[in-house]
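The values are calculated or read from the model by the stated rules, or taken from the named source; none is laboratory data. Just so it is clear, the structure is predicted and the values come from calculations on it, not from any experiment. So basically every Cβ, Gly included, is an ideal-geometry build from the backbone, and we count neighbours across all protein chains shown.
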Amino acid sequence: MTRTLVVVGHGMVGHRLVDRLRSLDTSGDWRFVVLAEEAHPAYNRMALSSYLTGRTRNDLALADRAFLDDPRVDLRLACPAVSADRGARTVLTAHGEHVPYDALVLATGSRPFVPPVPGRDAGHCFVYRTFDDLDGIRRAARRGLPAVVVGGGLLGLEAAHGLSRLGMRPHVVESAPHPMPTQLDAGAARVLHRGATELGLDLRCRTAVASIEAHPEGTVGAVRLTDGTVLDCALLVFAAGVRPRDELAAALGLERGDRGGIVVDEYCRTTDERIWAVGECAAVQGRCHGLVAPGYRMADTVARRLAGHPVEAVGVPDTSTELKLLGVHVATFGTTDPAAGRAVEIVFAEDTTRYAKVFLQHDTGSLLGGVLAGDTGSRAELGPLVGRRPPAHFERLLLP
Amino acid sequence: MSGILVVGDGPAAHRLAERLRGHGHTGPLTVLGAEPAHHRPLLTDVVAGRLPAEAVRLPPLPDTRVSTGTVVTGIDRARHEVRARQGGTETVHSYDTLVLATGARPVVPDIVGATGGDGHLAAGVTTLRTASDCARITGETVVVLGGGPLGVETASALAARGTDTTLICAHPHPLHERLGETCAALLTETLEQAGVTMLGGRTVVRRTPDRVLLDDGTNLRADTLVLCTGAAPDVRLARAAGLRVRTGIVVDDRLRTSDPHIHALGDCAELNGRAPGGVDTAWAQADALAAILTGHATVHRPTPTVFRLRTRFADVSCVGDPADFDRPGARTVTLTDQANRRHARLALRDEHLVAAVLFGVPEAIAALGIAHRYGRPVPSDLLGLLLGPPARPAPVGSETDEDALVCLCNNVRRPALVKAWQSGARTVTALAGATRATTGCGGCGPLVARLCDDWEHEARPAPERAR
Ligand SMILES: Cc1cc2nc3c(=O)[nH]c(=O)nc-3n(C[C@H](O)[C@H](O)[C@H](O)COP(=O)(O)OP(=O)(O)OC[C@H]3O[C@@H](n4cnc5c(N)ncnc54)[C@H](O)[C@@H]3O)c2cc1C
Ligand SMILES: Cc1cc2nc3c(=O)[nH]c(=O)nc-3n(C[C@H](O)[C@H](O)[C@H](O)COP(=O)(O)OP(=O)(O)OC[C@H]3O[C@@H](n4cnc5c(N)ncnc54)[C@H](O)[C@@H]3O)c2cc1C
């Protein structure tokens, strides 16, 4: 007897899960109903910026023909789930259908956080997460005009770079003392700041957007910052972080994490043994992860479990990241926030052109992780050294 | 041979006189000193009770007329004479070459109640410059004012002898500018653990007998208040004689003042716009001046010195200038190990060390100090040097290899000590006399003491062999 897996969300992680289980499920036990809010099948969201500069939807598609033509897969585009009933084991779609499930996976991702500033509903104010968002940005962009990106994190810098490649003159507003505050310390951020400036981005830290002022026709015209500055602005992008999309938790009576997210155990299972959550919407032991690598690990774990294979706990995910700005290399690898006082911290730096910080286990001297900025060794070269004592030519690897 | 007259009898004068004779100066050589010659870096050991006061006296000089208790009061440059007072009598001394080695005087800050009506320090208040100052530090509760090396060393010495000690400094941490925030904070932590009460970001504004009042309103008991608030070159004679003076007595690369017959060196001299002070500088200048005055050299080229904090509680040393860390083109390496209380900050240019601040990494100090002084490339595995091998107990004595440098200040290697031992120098003092080891910053004192111990045990026939 076949069982039905309903997956809510056809994003990067939801797609990975279905694709995995399809290949693991050699005896054809499962059929899949995938409810997708977006009108497009899953695509590589990480490469979204390249869509601004000429790559097509097809280039970024994750679902191949074999997937789309698979009779076991019922992919319903532009058909979001709006509610669910645990007792009846059904999911209600926006079209009013009740879709029954044997197992339910929530893979709803995150939504961009839009800070509650006055005027944020003005025209030409965008978020930066989907093809649709980028279509809007591309239509509104005007060469030579100033734009504002709210948020100087990985995403904000990437968005600003995208805007500058569309010919706009982006300002980036970050409330922390330096860009990418989650990943970088002040030293690495100085290198980034300089590189970003050379790319034509105007970084403004330690200040925030106080209000957005619109032209009479309704589109954004200026942005007022808390430090009093007024920036002319023809297009605005919010990149001020994301919040897990955990709305369905309420209908399902599932617990939500302190900072949002659907609470799951280290195998991504909720307290209901038929319901799972993976990707950015999952709070694994209370913590959400905004990167694709941990999401893929979750997808693999759940796929193996549903296929009846032995599984390992998701564990502590690799949170290494790399900023994708042309000409500015900034990356982290391994652990970059070891428990206070338990690690030896070593910084190799040269002016504001390069900076490498590494952490070593204080007793064994083995490498825990690090931060790289500028003309340093790459994440690919250094990542594999994690867990070992660094070699004698370590400094050469870090600052080649 | 012309006569050389030296004013002041500190380490600079002492070393100069010794070296002049060594270089074959046969003419008259006279040293006029207000007080007996002291090796001041050991004063804090006297404070700690580790050394008797006599131990800081420098040995008598051969073939030199030393007139102790003689204060020079004026220079007559036209007549090549100085006037002096010894006890009640005025004396006049002529010179062909005059050398000013008048050193530095403690700076006394403006604190209500710290000085008496006559301008002298009140009872219960002292600076630390001479052996007799050590005896002025009395009582159970002592407050030390000053966040420089001397303040830290004095407070450490007092804590080591069991005195209830408070160190007050203007910056949040002592040696803040020299060490930088992280390292200075580690120092505060370490001193606190050693029992010193640390009060950063404050100063003393008023003193009453047995108490001090701080600028933030804190009122503390203080049987003695020790002022370690810096020293300034003693330029009084030079200024009165019309010589060029800025911070110190300005000298050229021949250690000559603006009068070609008058030289200056040590703490009182300013060379290349700097008057850094310190015994290493004083000695290097004395060596150079002796060579210059005897025709063995023409100029003095200063070599960089190592600063090493003299406290048993922490191994702290620096080379170079803190400003070198921020100069463009420098590569920096910074290591912070809170768990093991280690910190190192290096500024490099290519493979050369420009500046370093080191805390708790004694193995690295000698290697980096030498690399800096002689401009040699630093080892390529800097991390290995700084971190050392993974923590494991080292058997006593094993970490010194046969040719290891023991005394960085005087460049004494282990073989020199072995030789001295074999020719009969069997105590630390005797080894120091024979090799000069331990007489610089004193940082190698414990190591020399241990070597001494080891050798003594080796020398004693073991019971088995006696059989
Ligand atoms: C521009 C950009 C660059 C990025 N770069 C990187 C990078 O370099 N490295 C990295 O690791 N990560 C990067 N990320 C993050 C990465 O894309 C996400 O971590 C990853 O997409 C998360 O996958 P997900 O499936 O959990 O969520 P998503 O990919 O967001 O997919 C969730 C999907 O669920 C849909 N959905 C939500 N609610 C419902 C509902 N009720 N019913 C039906 N469908 C629903 C959403 O519309 C969405 O399509 C980047 C993100 C962006 C936007
Ligand atoms: C407590 C203490 C600890 C120290 N620790 C260290 C250390 O660890 N490392 C380090 O490198 N340095 C240290 N120093 C500094 C070091 O002692 C000086 O750099 C060194 O003594 C300088 O030698 P000098 O001969 O130039 O001057 P001084 O030692 O100051 O000697 C000058 C002498 O000249 C005499 N004099 C001055 N004017 C006249 C005059 N008109 N007539 C006659 N005599 C006169 C003075 O009375 C004095 O005896 C320390 C200093 C002190 C006070």
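Which of the residues belonging to the stretch A:1-11 are part of a loop (DSSP other than H, G, I, E, B) and at pLDDT 95 or above? Those that are part of a loop (DSSP other than H, G, I, E, B) and at pLDDT 95 or above: A:GLY9, A:HIS10, A:GLY11.
The lone criterion from (1) at positive phi; (2) more than 9 Å from ligand 1 (Cβ to nearest atom) left unmet by A:VAL284 is number (1). Annotation note: Cβ proximity below 9 Å between a residue of the stretch B:1-30 that is under 17 Å from B:THR281 (Cβ atoms) and a residue that is of a type in the set (Lys, Arg) and within 16 Å of ligand 2 (Cβ to nearest atom) (sequence gap 6+ or interchain) occurs for B:GLY10/B:ARG40; B:PRO11/B:ARG40. For the stretch B:75-89, residues that are over 19 Å from B:ASP267 (Cβ atoms), in contact (Cβ under 8 Å) with a residue 24 or more places away in the chain and within 12 Å of ligand 2 (Cβ to nearest atom) total 2. Is the stretch A:245-253 home to any residue that is under 25 Å from A:LEU5 (Cβ atoms) and basic (Lys, Arg)? Among the residues of the stretch A:245-253, at least one is under 25 Å from A:LEU5 (Cβ atoms) and basic (Lys, Arg), which makes the answer yes. Where residues in the stretch B:252-288 are charged (D, E, K, R) and over 21 Å from B:HIS23 (Cα atoms), which of them is nearest to ligand 1 (Cβ to nearest atom)? Out of the qualifying residues, it is B:ARG274. For the stretch B:183-200, give me each residue that is touching a strand residue (DSSP E or B) at 6+ places or on another chain (Cβ under 8 Å) and surrounded by fewer than 17 Cβ atoms within 10 Å (Cβ to Cβ). The answer is B:GLU192, B:GLY195, B:THR197. B:VAL72 meets each of the listed conditions (1) near ligand 2 (Cβ under 9 Å from one of its atoms); (2) not in a strand (DSSP E or B) apart from (2).
Exactly one residue out of B:VAL357, B:VAL333 is in contact (Cβ under 8 Å) with a residue 24 or more places away in the chain and away from chain A (no Cβ under 13 Å): that is B:VAL357.
Could you go through the stretch A:53-65 and let me know if any residue there is near ligand 1 (Cβ under 8 Å from one of its atoms) and farther than 25 Å from A:LEU248 by Cα.
Taking every residue of the stretch A:53-65 in turn, none turns out to be near ligand 1 (Cβ under 8 Å from one of its atoms) and farther than 25 Å from A:LEU248 by Cα.
Within the stretch A:293-341, being β-branched (Val, Ile, Thr), surrounded by fewer than 19 Cβ atoms within 10 Å (Cβ to Cβ) and in contact with a Lys or Arg (Cβ under 8 Å, 6 or more places away or on another chain) holds for one residue alone: A:VAL311. Within the stretch A:12-48, being part of a loop (DSSP other than H, G, I, E, B) and not charged (D, E, K, R) holds for A:THR26, A:SER27, A:GLY28, A:ALA36, A:ALA39, A:HIS40, A:PRO41, A:ALA42, A:ASN44, A:LEU48.
Among the residues of the stretch A:98-112, count how many are surrounded by 15 or more Cβ atoms within 10 Å (Cβ to Cβ) and more than 9 Å from ligand 1 (Cβ to nearest atom).
6
Looking across the stretch B:377-403 at every residue that is modelled with pLDDT of 70 or more and of a type in the set (A, V, I, L, M, F, W, C), the one that is surrounded by the most Cβ atoms within 10 Å (Cβ to Cβ) is identified as B:LEU383. Does any residue of the stretch B:83-94 turn out to be in contact with a Leu (Cβ under 9 Å, 6 or more places away or on another chain) and among the basic types (Lys, Arg)? Looking for residues that are in contact with a Leu (Cβ under 9 Å, 6 or more places away or on another chain) and among the basic types (Lys, Arg), one finds none in the stretch B:83-94, hence no. Search the stretch B:92-107 for residues being part of a strand (DSSP E or B) and under 21 Å from B:ALA17 (Cα atoms), and hand back the single one that is nearest to the chain's Cα centre (by Cα). Only one residue fits best here, namely B:ALA104.
The set of residues in the stretch A:144-192 that are under 18 Å from A:HIS329 (Cα atoms) and touching a Cys at 6+ places or on another chain (Cβ under 8 Å) comprises A:GLY152, A:HIS178, A:PRO179.
Within the stretch B:300-330, restricting attention to residues that are within 14 Å of chain A (Cβ to nearest Cβ) and part of a loop (DSSP other than H, G, I, E, B), the residue that is surrounded by the fewest Cβ atoms within 10 Å (Cβ to Cβ) is B:PRO328. When the strands (runs of 3 or more DSSP E) confined to the stretch A:304-400 are screened for residues that are under 24 Å from A:GLY286 (Cα atoms) and within 14 Å of chain B (Cβ to nearest Cβ), those reaching at least 1 such residues are found at A:367-374.
Return the only residue of B:VAL107, B:VAL92 being modelled with pLDDT of 95 or more and either surrounded by 14 or more Cβ atoms within 10 Å (Cβ to Cβ) or more than 13 Å from ligand 2 (Cβ to nearest atom) (or both). Exactly one residue qualifies, and that residue is B:VAL92.
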